[in-house]
Structure formats: C-alpha cells, structure tokens
Amino acid sequence: MQFQIIIKILGLLLMVYSLSLLPPIAVALIYKDGALIAFLSAMVLTQVTGLSLWLPNRKHKRELKIRDGFIIVVMFWTALGLVGALPFLLEEEVPISISDAIFESFSGLTTTGATILSGLDTMPHAILWYRQQLQWLGGMGIIVLAVAILPLLGIGGMQLYRAEMPGPAKYNKLAPRISETAKTLWLIYVALTIACASAYWFAGMSWFDAIGHSFSTVAIGGFSTHDASIGYFDSQVIESIAVFFMFLAGANFALHFRAFRSLEVKPYLFDPEFRTYVMVLLIGIAISTSYLYFQDIYTSLSEAFRYGLFMTVSIATTTGYGNADFAMWPGFLPVMLIFMSFIGGSAGSTGGGMKVIRFLLLFKQGIREIQRLMHPNALMPVKLSGRAIPERVMSSVWGFFALYVATFAIILLALMALGMDQVTAFSATAATLNNLGPGLGEVAANFGGINDPQKWILTLSMLLGRLEIFTLLVILTRTFWRA
C-alpha cells in the first residue's frame with residue numbers, strides 16, 4: 001500500500017474541494033445574510049488541512065494500483081463528508097450539533113436528501129445554496145471530476161474511476177482515455193444542469209431557486225430551498241420540468257452521450273436497461289394514479305395523475321422531491337414507492353438503489369432457473385441484446401444483491417435495537433441505503449427527531465449506498481490488506 005501517495009492525493013483533493021466554497025461566499029456577499037465568516041473559515045480550514053497532507057508528500061510519484069484507488073475513494077468521501085459539515089457548524093444561524101451537521105453533509109454529498117433541518121424558508125441564502133451545491137458535486141461524483149484533473153498533475157486516474165464505479169456495464173469508456181471520459185460525463189452533466197435551471201426560471205422560479213433546484217434535480221438529490229419542496233411552487237409546469245429532468249438524470253449518461261453524438265434516439269431504443277427503466281416507471285405511474293383515483297384520494301383523474309406521476313418518478317429515481325405528502329397516502333402505495341427505490345436509477349446515472357441493470361439481470365437469472373427445472377442439462381446463458389452475459393458478471397450481481405439485503409437487514413435491526421419502531425426503521429434504512437431521502441413514520445417530515453446513534457448508523461448507510469457497498473466493505477477484508 002502506497003500510503004504516502006494516498007495521503008498526497010487526499011491532500012490535493014481537499015485543496016481542490018475548498019475552492020467549491022467560493023460560490024457560497026459569493027452568495028453570502030450578494031445577500032448579506034451573515035454567513036460569510038462561516039464559509040471563509042471553512043475554506044481556510046479545508047485548505048490548511050489539505051496543504052498539511054500534501055506538502056510533506058509532494059515529491060512522491062508512483063503509479064496508483066487498484067487497492068490504492070479503493071482506499072482513496074473511501075478516505076476522500078469520508079474526509080469530504082467531515083469537512084463538508086464545517087459551514088453548518090460555524091454558521092450561528094443554523095444551531096445544530098456535530099452529529100446533525102455531519103449527517104446533513106453526508107446526505108448532501110451522497111445525494112440522499114434526508115435532512116435534519118427545518119425552517120428552510122428563513123435560512124441564510126448561502127447555507128441553502130451550499131446544501132444544493134453539495135448534492136450537485138456529489139451527483140456525478142467528486143472522484144470523477146478528480147479523474148479529469150489528476151492527470152494534469154501527473155497522477156493516473158484509472159484506478160479511481162474503477163473504484164468509484166463498480167458493477168456491470170460501467171467499464172465502457174466514452175473516450176479512449178479515462179480523463180476524457182470524466183470530462184465528457186461532466187460536460188453532459190453541466191449541460192443538463194444549465195438546461196434544467198433555464199427551464200425552471202422560464203416556468204416562474206427565481207434565479208436562486210432555479211439554479212438551486214437544478215443542482216438537486218440533475219444530481220437526483222432531493223434537497224430544496226423550501227420546507228414544502230417542489231410543492232411550495234404549486235405549479236404543474238414546474239413539476240413537469242422536474243419529472244422530465246429526473247427521468248433524464250436517472251438514465252445512463254453514456255446513452256445521453258451516444259444520442260447526442262449521433263443525433264438519434266436509437267441508443268435509447270435499443271438499450272435493454274433503458275427499456276426496463278421506462279417500463280418500471282410506467283407501471284408504477286399507472287398503479288399510483290389508479291389507486292389515488294379509485295380510492296378517492298383525489299377527486300379527478302387528472303389530479304390523481306399529476307401527483308401519481310410526480311411522486312412515482314421522484315421516489316423511483318431516488319430523487320426524493322415532494323409535491324404531496326406521500327407518507328399520508330393510505331394503503332400499500334407509500335410502501336410500494338419505497339420498494340421501487342430499491343431498483344433505483346440506471347447504471348451510470350446519478351440515481352441510487354441497486355440499479356436497473358442488476359434488477360434486470362436478476363430477473364433474467366430467475367427465469368433461467370425456472371427453465372432449467374424443465375431442461376436441467378441445457379446451456380442457457382443470460383443474454384442482453386443478444387449477447388451472453390459472462391457467468392462472472394452474474395455471480396457478481398448475485399453477490400451484490402446478497403450483500404445489499406444483508407446490509408439492509410443489519411442496519412434495520414440496529415436501528416430497532418436503538419429504539420426505533422419497525423415502520424420508521426424500515427423506511428429510514430431504505431431512504432439512506434438507496435440514497436432516496438424521504439421516509440415514513442418518525443422520519444416522514446425530516447430526520448431531526450431521531451437520536452444521535454441512529455443518525456450515525458444512517459450516515460454510514462448513506463455512504464454504503466453511495467459507494468455501492470463493495471467499495472467500502474472490500475477494505476475491511478483480510479484479502480485486501482494481504483494482497
């Protein structure tokens with residue numbers, strides 16, 4: 001393990017991240033809401049911390065190995081979550097504890113959107129901007145941005161990219177060099193953000209709200225600048241814009257790149273994961289709308305469709321926006337929507353959950369096992385678009401699914417052991433492990449009412465979900481340290 005190189009890169013990344021505090025500083029100067037000192041102090045502390053890590057190790061130059069990549073990813077996300085809490089702690093108008101500040105920071109960076117804050121409508125503009133910006137930075141991944149920057153500093157980035165994006169169908173590069181891939185992803189990400197912000201503004205949002213909500217929409221984060229979330233605006237046009245961009249952000253960004261490059265929709269039409277993604281959403285929308293209408297939750301079919309469409313896309317893509325309090329809907333509907341978040345977005349998207357591609361492969365594997373009962377000696381490879389999926393990939397998917405379920409069960413039981421009721425524990429675990437945000441029971445409004453040990457467990461759950469479990473747990477194995 002090349003610890004000096006790892007510490008050097010961690011220091012560099014922290015120094016780069018400190019520059020992201022400049023926009024909140026500018027917002028504080030514009031609105032003069034008193035948060036300037038907090039952000040200046042946080043920026044200086046982060047710069048000094050990064051410099052103290054980089055300076056003693058600046059002369060060490062070696063090629064990174066895959067183990068180093070995993071360590072850097074885990075250390076950086078952990079360090080970033082901790083330093084990201086500084087503005088919340090230093091701003092006197094946001095009186096929260098250390099546990100709450102760290103929870104809010106990790107929730108933003110992991111694009112979970114589970115908040116402990118209330119009274120957002122009267123909070124300093126700089127803090128509101130910062131929360132939205134945290135999600136935007138975390139959406140595509142700070143590491144992917146670093147992959148584009150580090151080669152300019154003489155440091156290879158392939159290992160970081162592999163550690164950040166594990167799983168099937170994620171090794172396909174959009175460009176020959178990994179740095180070009182990262183830049184391409186960010187260009188698409190920025191373009192969608194600009195388009196989303198412009199659409200929100202034309203629909204009636206202020207520039208501040210439009211930019212802030214575009215950050216969390218494209219990042220599939222769910223933070224809002226208002227307590228009532230998207231419901232604050234009470235606008236079907238704004239809700240339609242949010243649905244459109246949540247849908248796009250939940251799809252594989254590689255498809256957006258190929259569609260833009262070819263100026264055709266074929267990349268979407270012929271992609272099995274995208275077709276499954278659309279089908280799951282359509283089924284969820286149909287069920288939600290029908291249930292809301294026939295159970296007389298809403299008096300008209302158009303109204304039922306409005307809320308059923310928005311909340312289904314929001315929860316299924318793990319965004320977590322709300323135009324209604326879905327936790328108050330009766331029957332099975334709130335639980336069904338939370339179960340949809342387990343599928344989540346597509347691989348290569350900013351969505352959370354297990355990812356649609358894994359769900360699709362698990363479904364095909366189940367069908368294959370049923371067919372094998374009738375034809376035990378037949379060779380039946382799992383196929384996508386006519387291509388056989390290697391058994392090693394299928395084993396990896398099954399292993400991920402088993403680990404995901406086991407992790408969910410352990411976190412659920414730990415929360416219940418600390419006094420949380422079953423409904424709240426189930427939804428809180430799903431909301432954090434799937435990087436969803438809203439829950440049921442005691443966490444329906446926000447997570448401020450739960451105790452500190454429960455918040456720390458859920459903070460770990462958010463990090464596990466963001467790094468897709470394997471990346472974090474692999475460093476806890478003996479094999480990793482012996483290799």
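Read the figures in this text as sums done on the coordinates, not as results from a lab. Nothing here was measured: the structure is a model prediction, and the numbers come from that model. Here the Cβ is made from the backbone with ideal geometry for all residues, glycine too, and neighbour counts use every protein chain on show.
Normalised by 2.2 N^0.38 Å, where N is the number of residues, the alpha-carbon radius of gyration of segment 2-64 equals 1.39. For the chain, the equivalent ellipsoid derived from the alpha-carbon gyration tensor has semi-axes of 32, 30, 22 Å in decreasing order. The label point for LEU413 and the one for VAL190, both projected 7 Å from the Cα toward the Cβ, are 4.8 nm apart.
In a DSSP loop and with at most 11 other Cβ atoms within 10 Å, the chymotrypsin sites (Phe, Trp or Tyr not before Pro) in segment 243-290 are PHE270.
Less than 5 angstrom separates the built amide H of LEU384 from those of ILE389, all sequence-distant by 5 or more or on a different chain. Coupling constants for segment 103-114 follow from the phi torsions by the Karplus curve (6.51 cos²θ - 1.76 cosθ + 1.60, θ = phi - 60°), and in residue order they are 4, 5, 5, 5, 4, x, 5, 8, 6, 7, x, 7 Hz; glycine and proline get x. Sparsely packed loop sites in segment 313-382 (the trypsin sites (Lys or Arg not before Pro) outside DSSP H, G, I, E and B with at most 11 other Cβ atoms within 10 Å) do not occur. Scalar couplings 3J(HN,Hα) for segment 124-140, obtained by applying the Karplus form with A = 6.51, B = -1.76, C = 1.60 to θ = phi - 60°, are x, 4, 5, 5, 4, 4, 4, 4, 5, 5, 4, 5, 5, 5, x, x, 8 Hz; x denotes Gly and Pro.
Grab the beta carbon distance between LEU22 and ILE283, set R0 = 35 Å, and tell me the FRET efficiency rounded to 0.05. For R0 = 35 Å, the calculated efficiency reads 0.20. Stretching PHE401 away from PHE202 to a fully extended chain increases their span by 67.4 nm, per 0.36 nm per residue minus the current alpha-carbon distance. Taking GluC sites (Glu not before Pro) as exposed when DSSP calls them loop (any state but H, G, I, E, B) and at most 16 other Cβ atoms lie within 10 Å, what is the longest stretch of the chain free of them, the sites themselves excluded? Longest site-free region, per DSSP loop and neighbour criteria: 265-483. Between ASP234 and ARG62, the FRET efficiency estimated from the beta carbon spacing at R0 = 41 angstrom works out to 0.10.
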